[in-house]
Amino acid sequence: MRHENRKRPRGLEELRRTAKEGSIVHTLHFRKELRDAGADSEDVNSVLHDPDTVLESMQFDQSFSNWKCRIRGPDSRGEPLTIIAALDEENATIVLITAF
């Protein structure tokens, strides 16, 4: 599907819905960066679901035909954690790319 035909997702709402109803894939790079940031999967869940989390950017990535999102929110200890993720709406999947 071409970008012109893609409707922009409702941002954080869509990410949260996909996280709840779909699947979440952690890339190897993401797991390494998450460890380097001193964070774990509990921290990722906190960022995805915390009401204080903000969507900093969302743009369509033509080369992968998905939406790239940058979200920032508190981890399980209240410390800020930024996650870069790709939203694959067709497969109800979030691909976690990196964290810092």
- Hits in segment 24-52 - residues which are among the polar types (S, T, N, Q) and more than 11 Å from the chain's Cα centre (by Cα): Thr27, Ser41, Ser46
- Note on the structure: When Thr27 is run through (1) modelled with pLDDT under 95; (2) of a type outside the set (Lys, Arg); (3) within 15 Å of Asp88 (Cβ to Cβ), the failure sits at (1)
- Task: Could you name every one of the strands (runs of 3 or more DSSP E) located completely within segment 33-93 that has at least 3 residues being exposed (fewer than 15 other Cβ atoms within 10 Å of the Cβ) and either β-branched (Val, Ile, Thr) or modelled with pLDDT under 95 (or both)?
- Result: 54-61
- Kindly provide the set of residues from segment 6-32 that are charged (D, E, K, R), open to solvent by 30 Å² or more (accessible area, probe 1.4 Å), more than 14 Å from Gly73 (Cα to Cα) and in contact (Cβ under 8 Å) with a residue 12 or more places away in the chain, ordered by number. Arg6, Arg8, Glu21
- Message: Looking for something in contact with a strand residue (DSSP E or B) (Cβ under 9 Å, 6 or more places away or on another chain), under 19 Å from Thr27 (Cβ atoms) and among the aliphatic types (A, V, I, L, M) - is there at least one such residue anywhere in segment 49-57?
- Response: no
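The values are calculated or read from the model by the stated rules, or taken from the named source; none is laboratory data. Keep in mind that this is a model prediction, so the values were computed, not measured. Cβ atoms come from the backbone with ideal geometry, glycine included; neighbour counts cover every protein chain shown. Side chains are part of the model used for accessible areas, which takes the heavy atoms of the whole protein and leaves out ligands, DNA and RNA. Shrake-Rupley method; radii C 1.70, N 1.55, O 1.52, S 1.80 Å.
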